[in-house]
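The values are calculated or read from the model by the stated rules, or taken from the named source; none is laboratory data. Predicted model, so just to flag it, every value in this text is computed and none were measured. Cβ placement follows ideal geometry from the backbone for every residue including glycine, while neighbour counts extend to all protein chains displayed.
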Amino acid sequence: MRFAIAAVAITGLLAGCGMMGSTADGPTARATLQPNKDSGVKGTTTFTQKGGKVQLVANISGLKPNQEHGFHIHEKGDCSSGDGMSTGGHFNPAGKPHGPQSGDHHAGDMPSLRADAYGNASASFELPGVSIGGGAADFVGKGLIVHANPDDYKTQPTGNAGGRIACAVIQRG
């Protein structure tokens, strides 16, 4: 009898722990980057709501080796132009200036990507001030752009990051 009670108690604890892990993360979104014109840049980005921030994980290839590339969420989820310009400007629902994560910045301003010697970049970071699936800061349905040059985080409103070399529409789940 004691073993049966212990087994029920352990099963309940394990089930509770499993539920705790599954409720810690919120909604998710994804973006599949496609090259603009002849850039060859492509990759995937996933977004997971974690409390008041969004965790981003990106894997991108075809970049200029050993170079930084600006990486932004843009206001329109439209990659139809072939050069990424149909995505409009940076996503900026709060009307903030362009800048780095450490200060005031557009909701769409993100850390730059750093390509390795083979032109591949992997990134993982948290984004404050955005959300998945609700409110003014919801970026689902917006554009995701990789730029040809590094972001200087000073030039308004773009960061002087150059041409748009890859584009995606951010989609739920």
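What to note about this one:
- The residues of segment 124-140 include none that are touching a Ser or Thr at 6+ places or on another chain (Cβ under 8 Å), modelled with pLDDT of 95 or more and of a type in the set (Gly, Ala, Ser).
- Among the residues listed as Gly173, Gly143, the single one being at pLDDT below 95 and over 18 Å from Asp38 (Cα atoms): Gly173
- Scan of segment 31-47 for residues that are part of a strand (DSSP E or B), among the polar types (S, T, N, Q) and in contact (Cβ under 8 Å) with a residue 24 or more places away in the chain, ordered by number: Thr32, Gln34, Thr45
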